[in-house]
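**Student:** Let me begin by handing over the structure; questions about it come next.
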Ligand SMILES: Nc1ncnc2c1ncn2[C@@H]1O[C@H](COP(=O)(O)OP(=O)(O)O)[C@@H](O)[C@H]1O
Ligand SMILES: [Mg+2]
């Protein structure tokens with residue numbers, strides 16, 4: 001088993017975020033994690049690459065508990081493209097991407113590493129940015145540079161947190177297709193968090209749908225992307241049609257948030273509890289009339 005998640009739980013302070021997550025991903029494939037804001041998608045990825053440690057349960061890569069794997073060793077096995085933030089290092093693009101080679105670096109490997117960096121920049125169509133300062137490029141270019149940094153890590157598992165959120169539709173398509181092809185050509189496991197259900201459905205071998213800090217459904221797109229699941233998990237009415245054998249979602253309406261609805265995330269559950277107690281949930285400040 002390439003990646004095994006064995007019954008993990010995670011809480012920030014005392015607020016539970018992940019419950020009861022178990023997952024077996026056997027080998028090379030392209031997997032997309034979907035789910036509304038705040039359900040724990042990024043937290044789950046952080047438990048795989050040891051940015052966070054699960055409160056209970058364990059994550060195994062090739063049968064080895066990641067708890068016992070040194071960070072530099074883990075970075076050879078697990079590549080990571082973080083959620084695109086405004087943080088930018090005062091480095092050139094080429095130096096930023098070169099950081100991704102760090103787990104493989106050894107005395108005398110710089111030329112080889114630079115060749116890998118330039119090849120990857122070319123593949124992503126951004127080699128012209130190589131010498132530009134990383135903090136002086138557009139959000140979409142920024143995202144491609146971070147993707148390049150993840151790709152040069154040359155790992156057998158690649159985790160990506162919304163890697164196409166700042167890209168236009170053409171680039172969303174081409175990057176997602178590139179990730180799918182990468183899983184086949186390099187025989188690696190690619191796990192991508194996404195909000196674009198249709199693009200995920202078009203390319204993913206498997207979809208993990210998260211809800212309330214749990215895995216709500218998992219399987220091939222045609223099993224997971226259903227009108228019923230989208231209503232329960234996202235609170236939307238939709239019509240799911242099929243295109244080239246893959247489900248394609250046509251969004252109809254955002255359903256009203258009924259009091260009786262299940263909360264869609266642990267955070268929402270907390271907010272509801274606070275509301276029921278007549279507070280805002282923030283330092284027990286009383287709830288103003290009409291505030292949600
Ligand atoms: N550093 C943090 N400290 C406390 N709570 C956090 C922190 N990061 C995320 N959370 C909370 O954990 C929950 C899951 O967050 P996250 O994993 O980022 O969700 P997603 O990626 O699905 O949007 C949310 O309710 C969020 O507010
Ligand atoms: Mg997230």
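**Student:** For region 90-123, which positions are outside any strand (DSSP E or B) and touching a residue at least 40 places away in the same chain (Cβ under 8 Å)? Can you show your working first?
**Tutor:** The initial filter retains those residues of region 90-123 that are outside any strand (DSSP E or B), namely 90-91, 93-123.
90, 91, 93, 96, 97, 98, 99, 100, 101, 103, 104, 123 - these are the residues of region 90-123 that are outside any strand (DSSP E or B) and touching a residue at least 40 places away in the same chain (Cβ under 8 Å).
**Student:** On the basis of being in a helix (DSSP H, G or I) and farther than 28 Å from residue 2 by Cα, does residue 248 make the cut?
**Tutor:** On the way: in a helix (DSSP H, G or I): no; farther than 28 Å from residue 2 by Cα: yes.
It is false that residue 248 is in a helix (DSSP H, G or I) and farther than 28 Å from residue 2 by Cα.
**Student:** Take the residues in region 183-212 that are without any contact (Cβ under 8 Å) to a residue 40 or more places away in the chain and outside any loop (DSSP other than H, G, I, E, B), then tell me which one is nearest to ligand 1 (Cβ to nearest atom).
**Tutor:** 199
**Student:** Now for a different question. Mind telling me which of the residues 65, 87 ends up being free of Cβ contacts under 8 Å to residues at least 12 places away in the same chain, within 15 Å of residue 22 (Cα to Cα) and more than 13 Å from ligand 2 (Cβ to nearest atom)? Step through it out loud before you land on a result.
**Tutor:** On the way: 87 fails: within 15 Å of residue 22 (Cα to Cα).
After applying the criteria, what remains is 65.
**Student:** Sticking with this one: Restricting attention to region 152-176, which residues are buried (at least 23 other Cβ atoms within 10 Å of the Cβ) and under 19 Å from residue 246 (Cα atoms)?
**Tutor:** Hit for region 152-176 is 176, nothing else.
**Student:** Is at least one residue of region 33-40 within 16 Å of ligand 1 (Cβ to nearest atom), touching a residue at least 40 places away in the same chain (Cβ under 8 Å), assigned to a strand (DSSP E or B) and surrounded by fewer than 21 Cβ atoms within 10 Å (Cβ to Cβ)? So that I can check it myself, show each step before the final result.
**Tutor:** Taking region 33-40 and keeping what is within 16 Å of ligand 1 (Cβ to nearest atom), we get 33-40.
Remaining after also requiring touching a residue at least 40 places away in the same chain (Cβ under 8 Å): 33-40.
From the residues that got through so far, the ones that are assigned to a strand (DSSP E or B) too are 33-34.
From what is left, the residues that are surrounded by fewer than 21 Cβ atoms within 10 Å (Cβ to Cβ) are none.
No; the residues of region 33-40 include none that is within 16 Å of ligand 1 (Cβ to nearest atom), touching a residue at least 40 places away in the same chain (Cβ under 8 Å), assigned to a strand (DSSP E or B) and surrounded by fewer than 21 Cβ atoms within 10 Å (Cβ to Cβ).
**Student:** Something else: Residues of region 42-73 being under 20 Å from the mean Cα position of the chain (by Cα) and closer than 19 Å to residue 183 by Cα, which ones?
**Tutor:** Hits for region 42-73 are 45, 48, 49, 61.
**Student:** Take the residues in region 126-151 that are surrounded by fewer than 17 Cβ atoms within 10 Å (Cβ to Cβ) and in contact (Cβ under 8 Å) with a residue 40 or more places away in the chain; name whichever of them is nearest to the chain's Cα centre (by Cα).
**Tutor:** 139
**Student:** Also: So which residues in region 1-19 are away from ligand 1 (no atom under 13 Å from the Cβ) and touching a residue at least 60 places away in the same chain (Cβ under 8 Å), if there are any at all?
**Tutor:** The answer is 1, 2, 3.
**Student:** Go through (1) under 30 Å from residue 136 (Cα atoms); (2) within 16 Å of ligand 2 (Cβ to nearest atom) and name the single condition residue 35 misses.
**Tutor:** (1)
**Student:** Please work out if residue 66 is crowded, with 18+ Cβ neighbours inside 10 Å, closer than 21 Å to residue 211 by Cα and in contact with a helix residue (DSSP H, G or I) (Cβ under 9 Å, 6 or more places away or on another chain). Before you say what the answer is, go through the steps one by one.
**Tutor:** On the way: crowded, with 18+ Cβ neighbours inside 10 Å: yes; closer than 21 Å to residue 211 by Cα: no; in contact with a helix residue (DSSP H, G or I) (Cβ under 9 Å, 6 or more places away or on another chain): yes.
No: the conditions fail for residue 66.
**Student:** Assigned to a helix (DSSP H, G or I) and under 30 Å from residue 24 (Cβ atoms): does that describe residue 170?
**Tutor:** Details: assigned to a helix (DSSP H, G or I): yes; under 30 Å from residue 24 (Cβ atoms): no.
No, not satisfied.
**Student:** So residue 222 fits all but one of (1) touching a helix residue (DSSP H, G or I) at 6+ places or on another chain (Cβ under 7 Å); (2) modelled with pLDDT of 95 or more; (3) part of a helix (DSSP H, G or I); what number is the exception?
**Tutor:** Just one mismatch for residue 222, condition (1).
**Student:** Conditions first: (1) surrounded by fewer than 23 Cβ atoms within 10 Å (Cβ to Cβ); (2) in a helix (DSSP H, G or I). Residue 179 passes all but one, so which condition is the exception?
**Tutor:** Status for residue 179: all satisfied but (1).
**Student:** Restricting the search to region 2-18, which residues are away from ligand 2 (no atom under 16 Å from the Cβ), under 26 Å from residue 62 (Cβ atoms) and part of a strand (DSSP E or B)?
**Tutor:** Within region 2-18, the subset away from ligand 2 (no atom under 16 Å from the Cβ) is 2-9, 11, 13-14, 16.
Still in the list and also under 26 Å from residue 62 (Cβ atoms): 2-9.
Selection gives 3, 4, 5, 6, 7, 8, 9.
**Student:** Test residue 209 against the stated conditions and say whether it is over 19 Å from residue 80 (Cα atoms), surrounded by 23 or more Cβ atoms within 10 Å (Cβ to Cβ) and in contact with a strand residue (DSSP E or B) (Cβ under 8 Å, 6 or more places away or on another chain). Break it down into steps so the answer makes sense when it comes.
**Tutor:** Numbers: over 19 Å from residue 80 (Cα atoms): yes; surrounded by 23 or more Cβ atoms within 10 Å (Cβ to Cβ): yes; in contact with a strand residue (DSSP E or B) (Cβ under 8 Å, 6 or more places away or on another chain): yes.
So residue 209 passes the test.
**Student:** Taking the criterion of being under 15 Å from residue 160 (Cα atoms), modelled with pLDDT of 95 or more, outside any loop (DSSP other than H, G, I, E, B) and within 16 Å of ligand 1 (Cβ to nearest atom), would at least one residue in region 48-64 satisfy it?
**Tutor:** Yes - at least one qualifying residue is present in region 48-64.
**Student:** Sticking with this one: Every residue in region 38-62 that is closer than 22 Å to residue 206 by Cβ and within 11 Å of ligand 2 (Cβ to nearest atom), please.
**Tutor:** 39, 40, 41, 42, 43, 44, 45, 46
The values are calculated or read from the model by the stated rules, or taken from the named source; none is laboratory data. Nothing here was measured: the structure is a model prediction, and the numbers come from that model. Because the Cβ atoms are built from the backbone with ideal geometry, glycine has one as well, and the counts that use them run over all protein chains shown.
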